[in-house]
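Working notes for the structure below.
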Amino acid sequence: MPLPDERGYFGSFGGRYVPETLMPALEELTAAYQEAHRDPSFWQELEYYLQQYVGRPSPLYFARRLSEHCRGARIYLKREDLNHTGAHKINNTIGQILLARRMGKKRIIAETGAGQHGVATATAAALFGMECAVYMGEEDMARQALNVFRMRILGATVVGVTAGSRTLKDAMNEAMRDWVTNVDTTYYLIGSVAGPHPYPVMVRDFQRVIGVETRRQVQEQTGRLPDVIVACVGGGSNAMGIFHPFLEDREVKLVGVEAAGCGLDTGKHAATLNRGRPGILHGSKSYVLQDEDGQINLAHSISAGLDYPGVGPEHSYLKETGRVVYTAVTDEEALEAFQLLCRTEGIIPALESAHALAQAVKMAGEMPQEAIIVVNLSGRGDKDVQTVARALGGEG
Amino acid sequence: MKGNRITQRFSALAQEGKKGLITYITAGDPDLDTTARLVRTMAEAGADLVEVGIPFSDPVADGPVIQKASARALANGVRVRDIIRTCAGIRQNTGVPLILMTYYNPVYQYGLEDFARDAAGAGIDGLIVPDLPFEESGELLGHTDHYGLALIPLVAPTTTEKRLAAMAPAARGFVYCVSVTGVTGAREEIHTDLAKFMRRVRRHIQLPCAIGFGIAGPVQAAAVAPYCDAMVVGSAIVDLVARAGTGDPAPAVAALVKDIKSAIEKCA
């Protein structure tokens, strides 16, 4: 049976846990998306923008010097960092903006952690002349000042969120409050495979292009499918995008990498699938970092983009079925991988992607030279250089 | 659910031709002793039903006043078990119908059956879960029905006729009609066409209707009274608790409840 089911469940995860005010809007969105999904002209228009505006297909690059350094498997990088705006996020925002336009919506709201989704949303809104407001925790605004400035240049209003942890979790709460208030006129553009049905399936469908291209490219370049695909998981959209077209290929090992922050046993991490348990947050049932009473814990990662105590419900399902293995990498390991890629390949990765890289480097050394690992390089690291400089004591 | 205090109270109000007043406070803000005292204060001042909020870290249906109260209560370390125990204590001293309001995750983590059993055992009469639409409420409803706890539905101005018809069989106690599209919080005016909204609700659900969200004081209360069987006042009371700081919020809360009560009695 294709997942999710009609109520938006992947096994026991997913669903719609939102205030009643929003339920009719979710029903309307689901119907609009199903209708668009069946319409070839919708996908043709999306493909036009993905090719001519985003710059797809993104290359699949054989990282020769990185691979030599690891003395093991050949590592290939799926270069989502080369997309317009510098990350995979733009694939989904263009898709959803086209849908919002079909629905006659004029105002777009979004939430953002590291700012990549906010920038991608502000970009897509500018492209189609829509009003745009982006909610961002004040802590993240300080960490990601460059992206805040980019959003403002693009004409978006950046709304600082002072509640709670002042990070992505609270930005998402605030965006939902805005949506509850302005549901008649406003389209809520969720940036990950999280939230109530139909967002997890819709965002996955818009990000599948990463995996579809990877599949073709790796076969063209190597004549076969890869042994391992590695991607970082915050909410989990880049991982779901690259994994999904390979789910039926049992010989391809899929590895999702969460942020272990200061360490899995320190309480300062964002490893939801490794250390959380099933619960309800932001509209769906999935793994959640929480205390005994069901209060949501604060997540920690050096990467603002991974700093989220929830995860998309399909990842929870893939964890429970065992199809995807979820590991975690610490801040320190991610920083090492960040520097390694800079120096071996001349590519500055996003700190999110550096988590996936760190895992790939660990695995490559234990695999034979004919093995193939694909890492989803989900974004570029310009936004993170100050964070890295601070972490390395100004020597970054 | 014949013996349920909620149903009894609405029957009594209907017989007297009066409108009911439902008041809300966040448990543990500033502490559970004050919560217990405020529930009794409000009941004595004229509240017909009282809602006790179990704070949640991520209250997406609430505006800033209740959001901050929840954060204060959680910072004080309030726990779900202690709140239920406090309600059991309150029940020793008052017959006012008690309703717990919280988000789904605290209930889910407590265990759906355990929660229904313990809440009912503490003398609680109803439960409101704003992020649990009827499509997802089936499992919890099985347990709340079993233990005689009313799972009270919320409906919004955006709720379609089709949804109202579909949720009617699962509705218990009364219908909580959200007066505006938006979050909780006092407002100067309510722009929703309440007459039309309530006609649509009553066409499908044969239970008492309470209007909530945005009722700040006697003026708005008198304005919405003609359309409903009861009204909910939350943020305005929680705001008084916040303003009292380390002082005693009870006199101000009692005064507001009395003012609203007398304003709606004039409408009867």
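The values are calculated or read from the model by the stated rules, or taken from the named source; none is laboratory data. All values derive from a computational prediction rather than experimental measurement. Using ideal geometry, Cβ is built from the backbone for each residue, glycine included, and neighbour counts are taken over all protein chains shown.
Of note:
- Only a single item in (1) within 19 Å of the chain's Cα centre (by Cα); (2) without any contact (Cβ under 8 Å) to a residue 40 or more places away in the chain is not met by residue B:176, and it is number (2).
- Extreme residue, farthest from the other protein chains (Cβ to nearest Cβ), among residues of region A:166-184 that are farther than 13 Å from residue B:61 by Cβ and of a type in the set (Lys, Arg): A:166
- So residue A:252, is it β-branched (Val, Ile, Thr), surrounded by fewer than 24 Cβ atoms within 10 Å (Cβ to Cβ) and free of Cβ contacts under 8 Å to residues at least 60 places away in the same chain: yes
- Qualifying residue in region A:219-233 (condition: crowded, with 24+ Cβ neighbours inside 10 Å and in contact with a Pro (Cβ under 6 Å, 6 or more places away or on another chain)): no
- Residues in region A:180-200 that are more than 23 Å from residue A:317 (Cβ to Cβ), at pLDDT 95 or above and among the hydrophobic types (A, V, I, L, M, F, W, C): 1 in all.
Let's see how each residue does on (1) crowded, with 17+ Cβ neighbours inside 10 Å; (2) over 23 Å from residue B:10 (Cα atoms); (3) touching a His at 6+ places or on another chain (Cβ under 8 Å):
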{"site": "B:178", "(1), (2), (3)": "yes, no, no"}
{"site": "B:185", "(1), (2), (3)": "yes, yes, no"}
{"site": "B:207", "(1), (2), (3)": "yes, no, no"}
{"site": "B:226", "(1), (2), (3)": "no, no, no"}
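- One residue stands out among those in region B:21-56 that are touching a Phe, Trp or Tyr at 6+ places or on another chain (Cβ under 9 Å) and more than 14 Å from residue B:261 (Cα to Cα): the one that is nearest to the other protein chains (Cβ to nearest Cβ), which is B:56.
- Sole exception among (1) more than 19 Å from residue A:359 (Cβ to Cβ); (2) out of contact with any Gly (no Cβ under 6 Å at 6 or more places or on another chain) for residue A:254, by number: (1)
- Screening residue A:165 with (1) modelled with pLDDT under 95; (2) crowded, with 23+ Cβ neighbours inside 10 Å gives one miss only, at (2).
- Only residues that are of a type in the set (Ser, Thr, Tyr) and closer than 20 Å to residue B:183 by Cα were counted in region B:142-156, giving 0.
- Residues of region B:149-163 that turn out to be small (Gly, Ala, Ser) and surrounded by fewer than 20 Cβ atoms within 10 Å (Cβ to Cβ), as a count: 0
- Residue in region B:122-142 that is under 18 Å from the mean Cα position of the chain (by Cα), over 26 Å from residue A:294 (Cα atoms), within 9 Å of chain A (Cβ to nearest Cβ) and at pLDDT 95 or above present: no
- Taking region B:1-79 and the helices (runs of 4 or more DSSP H) fully enclosed by it, the elements with 3 or more residues that are closer than 21 Å to residue B:230 by Cβ are at B:5-16, B:32-45.
- Pairs where the first residue, in region A:3-18, is more than 12 Å from chain B (Cβ to nearest Cβ) and the second is part of a loop (DSSP other than H, G, I, E, B) and modelled with pLDDT of 95 or more, C-beta under 8 Å, 6+ apart: A:3/A:11; A:4/A:197; A:10/A:4
- Yes/no for residue A:79 being in contact with a strand residue (DSSP E or B) (Cβ under 8 Å, 6 or more places away or on another chain), within 14 Å of chain B (Cβ to nearest Cβ) and in contact (Cβ under 8 Å) with a residue 40 or more places away in the chain: no
- When residues in region B:150-174 are screened for being within 11 Å of chain A (Cβ to nearest Cβ) and in a strand (DSSP E or B), 2 of them pass.
- Put simply, of A:125, A:133 the only residue that is farther than 29 Å from residue A:295 by Cβ, within 21 Å of the chain's Cα centre (by Cα), hydrophobic (A, V, I, L, M, F, W, C) and modelled with pLDDT of 95 or more is A:125.
- Residue tally, condition more than 17 Å from residue A:102 (Cβ to Cβ), free of Cβ contacts under 8 Å to residues at least 40 places away in the same chain and crowded, with 24+ Cβ neighbours inside 10 Å, over region A:114-131: 3
- Matching residues, region B:107-121, being within 14 Å of chain A (Cβ to nearest Cβ) and surrounded by 24 or more Cβ atoms within 10 Å (Cβ to Cβ): B:107, B:115
- Failed item, numbered, when residue A:393 is tested on (1) in a loop (DSSP other than H, G, I, E, B); (2) closer than 25 Å to residue A:243 by Cα; (3) not hydroxyl-bearing (Ser, Thr, Tyr): (2)
- Looking only at region B:80-110, and only at residues there that are part of a loop (DSSP other than H, G, I, E, B) and touching a helix residue (DSSP H, G or I) at 6+ places or on another chain (Cβ under 9 Å), the one that is nearest to residue B:234 (Cα to Cα): B:102
- Enumeration of residues in region A:332-378 that are of a type in the set (S, T, N, Q) and surrounded by 24 or more Cβ atoms within 10 Å (Cβ to Cβ): A:353, A:359, A:376, A:378
Residues are listed down the side, and each one gets a yes or a no for (1) at pLDDT below 95; (2) of a type in the set (Phe, Trp, Tyr):
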| site | (1), (2) |
| --- | --- |
| A:287 | no, yes |
| A:296 | no, no |
| A:305 | yes, no |
| A:313 | no, no |
| A:322 | no, no |
| A:328 | no, no |
| A:347 | no, no |
| A:373 | no, no |
| A:383 | yes, no |
